[in-house]
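**Q** My structure is below; once you've seen it, I'll send some questions.
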Amino acid sequence: MEPHLGLRGKKLGFLVSMICTTGFLLFGYDQGVMSGIITSKEFNHTLPETNDDSTMQGFVTAIYEVGCLAGAILVLFIGESLGRRRSIMTGASIMIVGVIIQITTFLGHQPLAQFVVGRIVMGIGNGMNTSSIPTYQAECASTKNRGLLICIEGGSIAFGTLISYWLNYGMSFTNNDLVWRFPIAFQIIFAVILILGMKVLPESPRWLLSKDRDEEGTRVIAILNDEPINSAKTQLEKRVILDSMMATGEIGQGKTHFRDLMTNGKTQHLRRCILGASSQIMQQIGGCNAVIYYFPILFQESIGQTREMSLIMGGVNMIVYAIFATVSWFIIEKAGRRKLFLWGTVGQMTSMFITFACLIPGDAGSAKGAAAGLFLYIASFGATWLPLPWLYPAEINPLKTRGMANAVSTINNWLFNFCVVMITPILIERIGWGTYLFFGAINACFLPIIYLFYPETKNRSLEEIDIIFAKGFDEQISYVKAARDLPLLTAEQIEEHAIRYGFITAGEKGQDVFVEDVKSD
């Protein structure tokens, strides 16, 4: 068989994006699947501890995030050694094991313990995938398509959640154990596609070059660009990547160490790691999973609907979610990251305040306004905060620390995800409408952080972003201002700036390749 199914250029790039999207489709599916089964009588019969116990329901749902946290930590320590592809394939395989453990749970055989173990194991696999897939996609994508492709990837979370909601609704009519066993087992299909797809895809060229696998890395660059190996464009892109590695101390040092994340200076590893991680933290504490995981429960408990109507409304909400998740695909490279972060925050804050205000009277008419608030929230979230925290850490961090920094970001995602999912049913039970006031106030706190500290990265190559931080440090200006003042650079100009800021010497520029008249992609 020909390598990569004989695909090159755009066709190979499309396959890379399709398989990466499948990984996040699986992530989204699993994010929504528990919401429709956690209160079903069939599930509660098999796991009686969850029956009418909001704390135990929260625990069984949220323990998955503990597994995801463990998986992200695993990538932090072994991800750079495994590589992007093997990390993803390992994660998908572990998820299949976790699914099998869950669906073989039976009453009378320690069902709660077994189901919890299955949730944790599956979480470990998903944590590995969500730490590795955005990095792999970013390192294989061209500059002009990177934002779009990772937004599509992030947006597929909504479509996965949509599938799980409506599958849950359909299976609710079977009135047997298939109500919960089949939706959980269905995840295996996505995991198998992910494994088989990764087997035929190339490794990240940037990872290969960072491991001194020069020939393989150059070949992958050529295949992704549909160019000959010795073409000027291939060699220029390779040299720019190597220049970036030299600037961040990657060349000749082999394994990246955790202490590398703690450095500042011209490379600003620590600041960039914090920027990426903070976007993931804010995504979670903004209340997204309080709505996504528990939408049917919110409708039952806060708005007073029947379980069947709550499932239907949950499915409709997910349709809205999926539709608005596509909005970022069309505007990400025009509006940029900063504006979408800010617009999304205002939308989420307003939505939570509307929901809070409409729940105070406690009558049916006002409750409809609360429902409208939840729909507005999921629309705002889907169009902005859903994809952006998966894109921003993958592009803001330099090659040397990108894998580890992205894992740190994902660790924070799952850590705060767990906290929010665990406390939401308890908050709704104890303080009711105050839950939405709480999340609205948290969203208001995001605005100054984003405005003051988040530099714009739209239309920038990954290596160009290194120059932004060198400029800000060297000129002692805000990194937001540095990004605003720095014009878009060609590959040759990136090399010139690398010399200016002392990343490489003039003698190292173009020492192995003569480049003439290379057109940018």
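**Q** Restricting region 261-288 to residues that are among the aliphatic types (A, V, I, L, M) and either at pLDDT 90 or above or part of a loop (DSSP other than H, G, I, E, B) (or both), which is farthest from L76 (Cα to Cα)?
**A** I285
**Q** Is it true that some residue in region 336-346 is in a helix (DSSP H, G or I), closer than 20 Å to S461 by Cα and without any contact (Cβ under 8 Å) to a residue 24 or more places away in the chain?
**A** Yes: region 336-346 contains one or more residues that are in a helix (DSSP H, G or I), closer than 20 Å to S461 by Cα and without any contact (Cβ under 8 Å) to a residue 24 or more places away in the chain.
**Q** So is G108 without any contact (Cβ under 8 Å) to a residue 60 or more places away in the chain, surrounded by fewer than 24 Cβ atoms within 10 Å (Cβ to Cβ) and within 19 Å of K41 (Cα to Cα) or not?
**A** Yes: the conditions hold for G108.
**Q** Does region 179-199 include one or more residues that are among the aliphatic types (A, V, I, L, M), touching a Gly at 6+ places or on another chain (Cβ under 6 Å) and within 22 Å of N129 (Cα to Cα)?
**A** yes
**Q** Moving on. In a helix (DSSP H, G or I), open to solvent by 10 Å² or more (accessible area, probe 1.4 Å) and of a type in the set (D, E): is that true of E65 in this structure?
**A** Taking the combined requirement at face value, the residue does not satisfy it.
**Q** If you don't mind, there's one more thing I want to ask. Quick test of your reading of the structure: P455 fulfils all but one of (1) in a loop (DSSP other than H, G, I, E, B); (2) more than 30 Å from H257 (Cβ to Cβ). Name the failing condition by number.
**A** P455 satisfies every listed condition except (2).
**Q** Of the conditions (1) closer than 21 Å to Q187 by Cβ; (2) assigned to a helix (DSSP H, G or I); (3) not small (G, A, S), T55 fails just one. Which one is it?
**A** Looking at each condition in turn, T55 falls short on (1).
**Q** Still on this model: If you go through region 69-82 one residue at a time, do you hit one that is more than 30 Å from I241 (Cα to Cα) and open to solvent by less than 10 Å² (accessible area, probe 1.4 Å)? Even if it seems obvious, please write down each step before you answer.
**A** The initial filter retains those residues of region 69-82 that are more than 30 Å from I241 (Cα to Cα), namely 69-70.
The next check asks that each one be open to solvent by less than 10 Å² (accessible area, probe 1.4 Å); those that pass are none.
So far as region 69-82 goes, no, none of its residues is more than 30 Å from I241 (Cα to Cα) and open to solvent by less than 10 Å² (accessible area, probe 1.4 Å).
**Q** May I ask you to list the residues in region 459-506 that are of a type in the set (S, T, N, Q) and assigned to a helix (DSSP H, G or I)?
**A** Looking only at region 459-506, we keep the residues that are of a type in the set (S, T, N, Q), and these are 459, 461, 476, 478, 490, 493, 505.
The answer is Q493, and nothing else.
**Q** I've got another one for you. Return the only residue of A498, A470, A491 being open to solvent by less than 40 Å² (accessible area, probe 1.4 Å), in contact with a Phe, Trp or Tyr (Cβ under 6 Å, 6 or more places away or on another chain) and at pLDDT below 95.
**A** Residue meeting the stated conditions: A470.
**Q** Of P361, P398, P393, P389, which residue is free of Cβ contacts under 8 Å to residues at least 60 places away in the same chain and not small (G, A, S)?
**A** P361
**Q** Right, something else. List the residue pairs whose Cβ atoms are under 7 Å apart, where the first residue sits in region 42-62 and is within 19 Å of Y169 (Cβ to Cβ), the second is of a type in the set (D, E), and the two are 6 or more positions apart or on different chains.
**A** Sorted first by the residue in region 42-62, then by its partner, the pairs are E42/D177.
**Q** Only one residue in I152, I189 is without any contact (Cβ under 8 Å) to a residue 12 or more places away in the chain, among the aliphatic types (A, V, I, L, M) and either assigned to a helix (DSSP H, G or I) or at negative phi (or both). Which one?
**A** I189
**Q** Within region 404-411, does at least one residue satisfy the condition of being of a type outside the set (A, V, I, L, M, F, W, C), modelled with pLDDT under 90 and open to solvent by 10 Å² or more (accessible area, probe 1.4 Å)?
**A** First, the residues of region 404-411 that are of a type outside the set (A, V, I, L, M, F, W, C): 406, 409-410.
Narrowing further to those that are modelled with pLDDT under 90: 406, 410.
Okay, now just the ones that are also open to solvent by 10 Å² or more (accessible area, probe 1.4 Å), so none.
No, region 404-411 contains no residue that is of a type outside the set (A, V, I, L, M, F, W, C), modelled with pLDDT under 90 and open to solvent by 10 Å² or more (accessible area, probe 1.4 Å).
**Q** Something else: Residues that are on the phi < 0 side of the Ramachandran plot and free of Cβ contacts under 8 Å to residues at least 24 places away in the same chain: does region 118-131 have at least one?
**A** yes
**Q** Which of the residues belonging to region 336-377 are of a type in the set (A, V, I, L, M) and farther than 14 Å from A441 by Cα?
**A** L340, L342, L359, I360, A364, A367, A370, A371, A372, L374, L376
**Q** Mind checking which residues of region 324-372 are under 25 Å from the mean Cα position of the chain (by Cα) and either more than 29 Å from A483 (Cβ to Cβ) or aromatic (F, W, Y) (or both)?
**A** Those that are under 25 Å from the mean Cα position of the chain (by Cα) and either more than 29 Å from A483 (Cβ to Cβ) or aromatic (F, W, Y) (or both): F324, W329, F330, F341, W343, S351, M352.
The values are calculated or read from the model by the stated rules, or taken from the named source; none is laboratory data. The structure presented is a predicted model; accordingly, all values stated were derived computationally and were not measured. Neighbour counts run over all protein chains shown; Cβ positions are idealised from the backbone, glycine included. SASA here: full protein model, heavy atoms, side chains in, ligands and nucleic acids out. Shrake-Rupley method; radii C 1.70, N 1.55, O 1.52, S 1.80 Å.
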